[in-house]
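Read through the structure below, which is laid out as structure tokens, and then see the notes.
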Amino acid sequence: MIALVQLLIKYAFLEPYGAATRLDTLGIILLIIATVCIAAAGNVINDINDIETDVINKPNKIIIGKGISEKTAYNLFIILNVIGVGVGYYLSNVVGRSGFFSLFVIISVLLYVYSTYLKQLFLIGNLVISFLVALSILIVGIFELIPNITEQNQNIQLLYFKTILNYAYMAFILNLIREIAKDVEDLEGDTKAGMNTLPIIIGKEKTKYLLFVLSSITLFIIGYYIANSLYKNQIAVIYFLIFIIAPLLYLNIKILSAQIKTDYTHISNILKWIMFFGMLSLLLYRYNAIR
């Protein structure tokens with residue numbers, strides 16, 4: 001999904017609109033490699049540190065200790081990080097902004113700290129991982145647009161960047177809802193592991209209503225956007241109503257009726273689909289569907 005959204009931003013939005021971009025085809029491929037490798041390393045270290053809880057929460061999906069050894073997993077974690085950060089360093093120098101290299105280091109460090117410590121804390125881990133998901137979208141704008149800003153094109157470049165930022169906002173809130181839903185789903189194992197996640201601290205029922213509030217806010221924001229920005233374009237309106245608004249309404253219904261673990265697994269999967277179709281809406285830019 002990270003690779004797909006980065007490609008869509010480049011080739012379905014920025015290129016068709018003639019934005020002054022810095023990366024060529026090889027450059028965007030390298031950015032994808034760097035981002036995906038660091039994200040994959042984060043998944044590996046997360047699986048290593050989740051062995052205790054995964055035995056309870058998802059015993060059929062355990063990889064570390066079954067599919068591969070813990071030692072191999074650690075080596076893979078190091079290799080993926082070296083590749084990701086190394087490619088990020090090279091790419092930062094290619095675009096003439098060596099300071100951008102720090103983004104890859106920060107992402108790598110935050111993913112490690114998240115999996116080893118932050119995910120155990122009340123809401124902090126959810127916010128951090130959602131921020132990193134948003135950053136995986138925003139980083140395309142950072143590398144593509146910022147290095148090519150001039151006095152002449154500043155306004156239009158910032159307008160393109162703002163659009164990417166809007167997608168990053170939506171990715172943040174949708175992923176935050178999903179992370180909280182996953183915490184409810186993993187409540188039993190997290191409790192036995194001594195973690196302090198949101199449903200453990202405030203309870204399952206209150207967490208459910210918080211999920212409903214967050215989902216309703218997201219629904220309102222997207223509905224407002226449709227009413228104020230897309231109302232003149234029938235194709236865009238229909239797309240958002242069918243693939244974003246309708247699933248969000250269904251999500252709200254499922255949140256309120258959720259009782260058991262499988263209900264929250266279903267909620268998590270719905271959110272994945274909403275994020276996927278949200279990304280695909282970038283294809284509408286090629287046909288001037290959204291302005």
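Given labels modelled 7 Å from the Cα in the Cβ direction, how far is it in nm from K261 to R97?
Distance between label points: 4.4 nm.
Give the separation of the Cα centroids, segment 113-129 to segment 33-78, in Å.
Cα centroid of segment 113-129 versus Cα centroid of segment 33-78: 17 Å apart.
222 nm [θ] for the chain, helices only, -39500 (n - 2.57) per DSSP H run of 4+, per residue, to 500? Mind showing how you got there, number by number?
Numbers: 13 runs with 205 residues, N = 291.
Result for the chain, helices only: -23500 deg cm²/dmol.
Need one word for the chain: rounded, prolate or oblate. Basis is the Cα gyration tensor (sqrt eigenvalues a ≥ b ≥ c); a/c below 1.5 gives rounded, then a/b vs b/c decides. The partial results should precede the final answer.
Numbers: a/c = 2.26, a/b = 1.19, b/c = 1.90.
Judged from the Cα gyration tensor, the chain comes out oblate (a/c at least 1.5, b/c at or above a/b).
The numbers here are math on the coordinates, done by the rules we state, and not lab data. Everything quoted here is computed from the prediction, not taken from an experiment. Neighbour counts run over all protein chains shown; Cβ positions are idealised from the backbone, glycine included.
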